[in-house]
Each structure stands twice: as structure tokens, then as C-alpha cells.
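The values are calculated or read from the model by the stated rules, or taken from the named source; none is laboratory data. Note that the structure is a prediction, hence the values are computed from the model and not measured. Neighbour counts are summed over all protein chains in view; Cβ atoms, including those assigned to glycine, are modelled from backbone coordinates with ideal geometry.
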Amino acid sequence: MRDTRKDKAYFEGLVIDFEEALTETQEALDAGNFSTPSSRVDISLRLFQLSIMRAVAHYSYGTPLEILKQLVLEILPYRKQVTFYADKLPAVHQVYRYAFEQLGDVGEACGSYNINRYIYTLWWLSLLNACDIEKSHILDALKTIGEQGKDKLLDCIAIELGDKNRPMSQSLYYPEVYQNLSDAFSSDKNKQVTLLNKFIENWYEKLEVADWHGNHECSLEFEYTDYYTGYWSFEHALVADLLKIPKHKLNQHPMVAFDLIKNGTLLHKAEDAFKLESLPDLNNLNLHDIAEFTLNNNPNTIFKKRWQDNYVHCAMGLWQEIRKCYTEDKKCNFSPQELLFAINYEYAVQPYRDSSRESLAFFKWCFENLKTT
């Protein structure tokens, strides 16, 4: 579980309800149960938004990104279906489609303000990026979304995602909400962190018109948008990831979707303070030194407390992430506790390796970075 407002049983029921709603509504659409062209556009838009809400609900439920990936891949066909049915509107009704496809300006469709479609679009792009979806799929999604040269934030994101020849707008659809996030793309590293932290502090309050705002208090759902799926600023996570801002530099706000940010991991909390004993001699490092060091410096209890039921999955993920940083010779942005954890994990799996030489090089790299953190 990533969400803390609802219990496990709530999300277990919700993801099943969303799955059934998508399946049954799609079957009804395919069977021709919606008789008018405009009603088919209306239903296809609902299916598209519901497919995103399903993914968000799964994220809140704690679904690993590897499993979430398939659900994210299924969003694009739903979005293309909106275009398919909008193209079939009679010529005199083609103006009707813009209420469903446009992301900016004052307007609404299906009783939902345009800003909701803008937010869902940013969330979709964030999920595509976090789940490592192939570039061709992301470019196809960006082409389907359109809106080139109309919103600066969307253009900046699209360019970073690979749409390199995209025209750049100098204005924002919703500057009162997204100015700080947009400005981060043209700022230095320190200013970027400041802007993202300011953005997340006011994100929820500034989106009071959003369909999902206040849904955690809703006791009777009439529309699919009334359901609580979690409060996560996926757009904040997307920009942080694209700008390669380490997780530990961001405010540990409860609405930051940290699992969608790939660069670094979270620093320990104050109550997880851990004393580091003296480092071994790196010029003559051997496995005996590592064994003695790990006996006195093992942060596993801290991480078991933090990850709980997800310990095994998260432990391997963190070790692999630090290993990748080492093998690709990237700048290390991991905390001392995370490096200590990697040393202990590596020592545990080292006996299963053919040679100790590579492990010793990794140990040395960890110790060198411990000196500078």
C-alpha cells in the first residue's frame, strides 16, 4: 500500500470495480448500445479517463511498476478510441469534439472542466515515463494528444520525452497552478528544487475544481470521478524525474509520488539516525574487512521498518539501482544508509559470484561515496 487515507480492503474492491466498469462499458460500446455519435464520443472519453484512474488506484494500492506497466500500455488505445469516434461525428457536429479533446481554456465535457483532461494527460505521461514504456509508444501518445505549441509545460515535457521538433509555447493554460513547474525547466539545479517544492506545497489546494478533489470524504459515489483513487501529483514526479532531481532533495510531502522518480532514493528520517563506524583501509580492502564492517554497520532494521511487506522487492530494487549507478559511472546521490544497505546486500550475495574482485571494486566505490555524503 502506498496510500494512507484508505485501507487495503477499499483499494482491493476499487481496482476490481474499475476493471469491471471498463470491461462492461467497452462491451456495451462495441455492441452498439450507445445510439448517437455524440454519446459514443462521450463514453469513449469516460473510458479513457477511467483507464487512467484505474492505473492511479493501482499505484495507491501498491502495485509494483512492473505490473502497472501493462495497465499503462492499455491507456493509449482508449485515447485513440476518443479520436476514432470524434472523427465519425457528422460534419455539422465536428465542433462538438473540441469540448472532449482540448486541454486548455474555460470549458467542460461530460460535466468535467478542461483542466481535468489536462491533469489526466500529465498523469498519463508520468506513468509512461516511470514504467519505462518504449519511446515509439510515448511518441504515438504525444501525437494523439496533440496540443503542440499551445502550453509551455506540456511542450517542455514532450520535448524531454523525445518530441524534439515540437514548437514551444511561451504561455501556460493554467499558470496559477503550473507556473513553478514550468519555470523549473529553465532554471538552475538549486532553483529547480525550490520551484518543485513550492509547487507541491500548494498543488492540492490550487486544484479545488478538479473532479477528484475532496473525494476521500465522499460517502456516496454517483459518477466514476467521485471515487477516491489517491492524491498524488504525478506531474510533479514527472518533472522531477525528467530534470534528474534526486528524491532526497525534494520535500517529503505525502502527495509526492516518489516511486515514479528514478533518480536516487529517500534519505532516512530523523528517527532512523545511524552511527557510521570507521571505514576500512581502501588501499588494502579485502572480504575480511567487509565482514567486520558489516557486523557493526547493518541498517537492515531501518529498511525493514520502512518497507514492511515490500521489503524483499524494495531491497533488491535499491541494490540494483545503486549497482547500476556504479556500473554506469553516474554521480552518486544515495544517502549513507542506502550505501550501507548496498554494502550489506552485496556481501550477502557475494559468495554466489565467480570472483570477489568485482564485488571488492563495488565495495570500494560505496566507501568512497560514503566519505563524501
Out of all the residues in region 233-254, which are in contact with a helix residue (DSSP H, G or I) (Cβ under 9 Å, 6 or more places away or on another chain) and under 19 Å from Val177 (Cα atoms)?
Ser233, Phe234, Glu235, His236, Ala237, Leu238, Val239, Ala240, Leu250, Asn251, His253
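Yes/no per residue for (1) surrounded by fewer than 20 Cβ atoms within 10 Å (Cβ to Cβ); (2) outside the structural domain of Ile138 (by TED's automatic domain parsing); (3) within 22 Å of Asp140 (Cβ to Cβ):
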position: Phe18; (1), (2), (3): no, no, no
position: Thr25; (1), (2), (3): yes, no, no
position: Val41; (1), (2), (3): no, no, yes
position: Met53; (1), (2), (3): no, no, yes
position: His58; (1), (2), (3): no, no, no
position: Gly62; (1), (2), (3): yes, no, no
position: Gln70; (1), (2), (3): yes, no, yes
Of the conditions (1) more than 25 Å from Ala57 (Cα to Cα); (2) of a type in the set (Phe, Trp, Tyr); (3) within 21 Å of the chain's Cα centre (by Cα), the single one that Tyr204 does not satisfy is (1)
Is it true that some residue in region 218-225 is aromatic (Phe, Trp, Tyr), surrounded by 13 or more Cβ atoms within 10 Å (Cβ to Cβ) and modelled with pLDDT of 90 or more?
no
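Okay, residues lined up against (1) of a type in the set (Val, Ile, Thr); (2) assigned by TED's automatic domain parsing to the domain that holds Ile67; (3) in contact (Cβ under 8 Å) with a residue 40 or more places away in the chain; (4) touching a Leu at 6+ places or on another chain (Cβ under 7 Å):
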position: Leu125; (1), (2), (3), (4): no, yes, yes, yes
position: Ala130; (1), (2), (3), (4): no, yes, yes, yes
position: Ile133; (1), (2), (3), (4): yes, yes, yes, yes
position: Ser136; (1), (2), (3), (4): no, yes, no, no
position: Ala141; (1), (2), (3), (4): no, yes, yes, yes
position: Gln148; (1), (2), (3), (4): no, yes, no, no
position: Ile157; (1), (2), (3), (4): yes, yes, yes, yes
position: Asp163; (1), (2), (3), (4): no, yes, no, yes
position: Asp183; (1), (2), (3), (4): no, yes, no, yes
Run Trp319 past the list (1) of a type outside the set (Lys, Arg); (2) within 20 Å of Pro280 (Cα to Cα); (3) in a helix (DSSP H, G or I) and report the number of the one that doesn't hold.
(2)
Considering Asn333, Asn369, Asn310, which residue is in contact with a Gly (Cβ under 8 Å, 6 or more places away or on another chain) and not in a loop (DSSP other than H, G, I, E, B)?
Asn310
Is it the case, given these coordinates, that Pro90 is exposed (fewer than 15 other Cβ atoms within 10 Å of the Cβ), of a type outside the set (S, T, N, Q) and closer than 28 Å to His248 by Cα?
no
Answer with yes or no whether Ser39 is closer than 19 Å to Leu128 by Cα, in a helix (DSSP H, G or I) and of a type in the set (S, T, N, Q).
no
With the requirement that a residue be among the aliphatic types (A, V, I, L, M) and within 30 Å of Pro254 (Cβ to Cβ), what does region 1-35 give you?
Met1, Ala9, Leu14, Val15, Ile16, Ala21, Leu22
Flag for Leu45 being touching a residue at least 60 places away in the same chain (Cβ under 8 Å) and either in a loop (DSSP other than H, G, I, E, B) or surrounded by 11 or more Cβ atoms within 10 Å (Cβ to Cβ) (or both)
yes
Of the residues in region 124-142, those that are more than 19 Å from Lys262 (Cβ to Cβ) and of a type in the set (Asp, Glu) come to Asp140
It is to be established whether one or more residues within region 363-371 are modelled with pLDDT of 85 or more and either among the hydroxyl-bearing types (Ser, Thr, Tyr) or within 22 Å of the chain's Cα centre (by Cα) (or both).
no
In region 117-200, which helices (runs of 4 or more DSSP H) lie fully inside it and hold 2 or more residues that are of a type in the set (Asp, Glu)?
152-160, 175-183
Given (1) without any contact (Cβ under 8 Å) to a residue 24 or more places away in the chain; (2) outside any helix (DSSP H, G or I); (3) on the phi < 0 side of the Ramachandran plot, Gly32 misses just (3)
Would you mind finding the one in Tyr352, Tyr311, Tyr345 that is surrounded by fewer than 19 Cβ atoms within 10 Å (Cβ to Cβ) and within 19 Å of Asn297 (Cα to Cα)?
Tyr311
Go through region 228-249 and report how many residues are at pLDDT 90 or above and in a loop (DSSP other than H, G, I, E, B).
9
Report yes if Glu338 is out of contact with any Pro (no Cβ under 8 Å at 6 or more places or on another chain), closer than 27 Å to Ser355 by Cβ and surrounded by fewer than 17 Cβ atoms within 10 Å (Cβ to Cβ), otherwise no.
no
